[in-house]
Amino acid sequence: GLKTLHLGSCVITTNLQEMRNGFSEIRDSVQAKDEIIDTRILRKTESLQDTKPTDQCCLLRHVLRLYLDRVFKNFKTPDHRILRKTSSLANSFLTVKKELRLCHAHMTCPCGEEATEKYSQILSHFEELTPQAAAVKALGELDILLQWMEEM
Amino acid sequence: DGVAILPAPQNLSVHSTNMKHLLMWSPVVVPGEIIHYFVEYQGEYESLYMSHIWIPSSWGSPTEDPECDITDDITATVPYNLRVRASLGSQTSAWSTLQHPFNRNSTILTPPVMEVTKDGFHLVIKLEDLGPQFEFLVAYWRREPGAKEHVKVVRSRGIPVHLETMEPGVPYCVKVQTLVKAIGRHSPFSQVECVRVQGETLPL
């Protein structure tokens, strides 16, 4: 069923299980494409859990935007099965982002210093890599992001 | 060069019931020939961020029938664009695109097939398996003045569920509706079905 995410005073519902199921079917294929194994984009120090509640919504909104703008878009694959699964994930992320945008519109998704700082850290890890390599690595780390969301 | 000689498929429409989505169109007819169709889709993400990207359908690329089960393609609650083209050897038609994007939240929801039975004094219900996205809200009550209606959300699919231990001689009634949280909707209630245990006294 649906999972309710409590992000400070922003509360949304999302189909995390459907996303997990979809990602689990392509995880090995995607992670196998990631040749840079000595670094990570989504690190524990910048996780949602380690962020104070009032900043969690903003951090997640920025991370989702990163995935929508620069991960799903730059991930290329000739494999139609993987293409369908990444499309499914991208469209599900779009649904979550719409819900977060509602929170933003209702002033329940403020961006404090902590969210801004942590997102810039994530972005700097991301931008250490080429766009293509960053997209592959970030997509391979989707289970980390889903786990962060699971624990909200 | 054989492009767009074939007429494009017409009258595209999606028939969606209980989260099963079928894209249909009028067949392209060339006497004595077998036409193949290719179905592609793009979700709202693709149309917003990469509008040139179209994804071959899981089951409709290619297909010989003028229909394609797109259930496995429509996996998020966003509008999807769909298109079809016909192919015969090296000849390929133009694409025909569904006039209005399809969103799974428009699916028609019907109550499940319901089997209400007695197992001794136990009121038992068995519901049709409609898939993992479905839950069922079961309402049941004693048919007598002032009786209270009980409600139970059932997630088990196709497995008998015990509702209540019945008192002999009193009719017990049941109705059910489907719930699909992924789209935040539910079906109307089913017909009411009642059963009664004959008037034996309850065993001590």
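The values are calculated or read from the model by the stated rules, or taken from the named source; none is laboratory data. Note that this is a predicted model, so its numbers are computed, not measured. So basically every Cβ, Gly included, is an ideal-geometry build from the backbone, and we count neighbours across all protein chains shown. Calculation scope for accessible area: heavy atoms of the full protein, side chains included, ligands and nucleic acids excluded. Shrake-Rupley method; radii C 1.70, N 1.55, O 1.52, S 1.80 Å.
Brief remarks follow.
- Complete set of residues in the range B:6-30 that are farther than 30 Å from B:P111 by Cα and surrounded by 19 or more Cβ atoms within 10 Å (Cβ to Cβ): B:L6, B:P9, B:V28
- Scanning the range B:93-106 for residues that are aromatic (F, W, Y) and either within 13 Å of chain A (Cβ to nearest Cβ) or open to solvent by less than 40 Å² (accessible area, probe 1.4 Å) (or both) turns up just one, B:F102.
- Flag if B:S47 is within 11 Å of another protein chain (Cβ to nearest Cβ), surrounded by 15 or more Cβ atoms within 10 Å (Cβ to Cβ) and part of a loop (DSSP other than H, G, I, E, B): no
- Among (1) within 19 Å of B:T77 (Cα to Cα); (2) more than 16 Å from the chain's Cα centre (by Cα); (3) at pLDDT below 95, the one test that B:G131 misses: (2)
- Scope the range A:57-96; condition closer than 13 Å to B:Y49 by Cβ, open to solvent by 10 Å² or more (accessible area, probe 1.4 Å), of a type outside the set (D, E) and not in a loop (DSSP other than H, G, I, E, B); matching residues: A:R65, A:R70, A:T86
- Filtered by the rule that a residue be open to solvent by less than 10 Å² (accessible area, probe 1.4 Å) and in contact with a Cys (Cβ under 6 Å, 6 or more places away or on another chain), the range B:107-144 gives no residues.
- Those residues of the range A:34-56 which are open to solvent by 80 Å² or more (accessible area, probe 1.4 Å) and in contact (Cβ under 8 Å) with a residue 60 or more places away in the chain, in sequence order: A:E35, A:R40, A:T45, A:K52
- The single condition from (1) open to solvent by 70 Å² or more (accessible area, probe 1.4 Å); (2) touching a Pro at 6+ places or on another chain (Cβ under 7 Å) that B:E33 fails is (2).
- None of B:P188, B:P168 is open to solvent by 40 Å² or more (accessible area, probe 1.4 Å), outside any strand (DSSP E or B) and over 22 Å from A:T13 (Cα atoms) except B:P188.
- From the list A:I41, A:I12, A:I37, the one residue that fits, being farther than 13 Å from A:S88 by Cα and modelled with pLDDT under 90, is A:I37.
Residues checked against (1) of a type outside the set (F, W, Y); (2) within 11 Å of another protein chain (Cβ to nearest Cβ):
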| position | (1), (2) |
| --- | --- |
| B:T75 | yes, yes |
| B:Y80 | no, yes |
| B:S87 | yes, no |
| B:Q91 | yes, no |
| B:M114 | yes, no |
| B:H122 | yes, no |
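- Among the candidates B:A139, B:A182, B:A147, residue that is touching a strand residue (DSSP E or B) at 6+ places or on another chain (Cβ under 6 Å), part of a loop (DSSP other than H, G, I, E, B) and hydrophobic (A, V, I, L, M, F, W, C): B:A147
- Pairs linking a residue in the range B:88-116 that is assigned to a strand (DSSP E or B) to a residue that is crowded, with 20+ Cβ neighbours inside 10 Å and among the polar types (S, T, N, Q), with Cβ atoms under 6 Å and 6 or more positions apart or on different chains, are B:M114/B:S190.
- Among the numbered conditions (1) closer than 30 Å to A:F23 by Cα; (2) touching a residue at least 24 places away in the same chain (Cβ under 8 Å); (3) assigned to a loop (DSSP other than H, G, I, E, B), the only one that B:A8 does not meet is (1).
- For the residues A:E99, A:E150, A:E114, the requirement of being in contact (Cβ under 8 Å) with a residue 40 or more places away in the chain, in contact with a strand residue (DSSP E or B) (Cβ under 6 Å, 6 or more places away or on another chain), open to solvent by 40 Å² or more (accessible area, probe 1.4 Å) and of a type outside the set (A, V, I, L, M, F, W, C) singles out A:E99.
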